[in-house]
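Take a look at the structure set out below.
The values are calculated or read from the model by the stated rules, or taken from the named source; none is laboratory data. In this text, all values refer to a predicted model and were calculated from it rather than measured experimentally. A quick note on method: Cβ atoms are made from the backbone with ideal geometry, for glycine too, and the neighbour counts reach across all protein chains shown.
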Amino acid sequence: MRLRSCTTSRCGKSSGGALLQLAERNLDLQWMARESLGDHWNEITPAERDEFVTLFTVFIEEAYLTRIQDYVELKIDVRKARLLRPNYAEVDGDRDPAQSRGPADHL
């Protein structure tokens, strides 16, 4: 397996963002990276593993954490909330009409 070197300025650096710090505290990104490679993890060197974990972390940040920030300013009027079972709830609500477009279009 051959790994590409990271060419973005963000590789190897934490953006210092609150969401990334939260993710790093609550997600085992090294385990996630290792599991994503499956048996191939054993075929790469420790240096390649370190590089892959760094690239995987950047990928998670770019693919997911930056999108989560789109929801920070979203205003939702909750009409009804029901706890269906432990750790599972259903919520009915409407987005603020002033926010005609945005991430809630995909919820």
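Scanning region 71-90 for residues that are surrounded by 12 or more Cβ atoms within 10 Å (Cβ to Cβ) and among the aliphatic types (A, V, I, L, M) gives 74, 76.
Condition check ((1) assigned to a helix (DSSP H, G or I); (2) on the phi < 0 side of the Ramachandran plot; (3) at pLDDT 90 or above; (4) not hydrophobic (A, V, I, L, M, F, W, C)) across all residues:
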{"site": "20", "(1), (2), (3), (4)": "yes, yes, no, no"}
{"site": "24", "(1), (2), (3), (4)": "yes, yes, no, yes"}
{"site": "36", "(1), (2), (3), (4)": "yes, yes, yes, yes"}
{"site": "48", "(1), (2), (3), (4)": "yes, yes, yes, yes"}
{"site": "73", "(1), (2), (3), (4)": "no, yes, no, yes"}
{"site": "91", "(1), (2), (3), (4)": "no, yes, no, no"}
{"site": "94", "(1), (2), (3), (4)": "no, yes, no, yes"}
{"site": "99", "(1), (2), (3), (4)": "no, yes, no, yes"}
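Note on region 43-57: residues that are without any contact (Cβ under 8 Å) to a residue 24 or more places away in the chain and surrounded by 12 or more Cβ atoms within 10 Å (Cβ to Cβ) total 2.
All of 60, 68 fail the test of being surrounded by 14 or more Cβ atoms within 10 Å (Cβ to Cβ), at pLDDT below 90 and in a helix (DSSP H, G or I), apart from 60.
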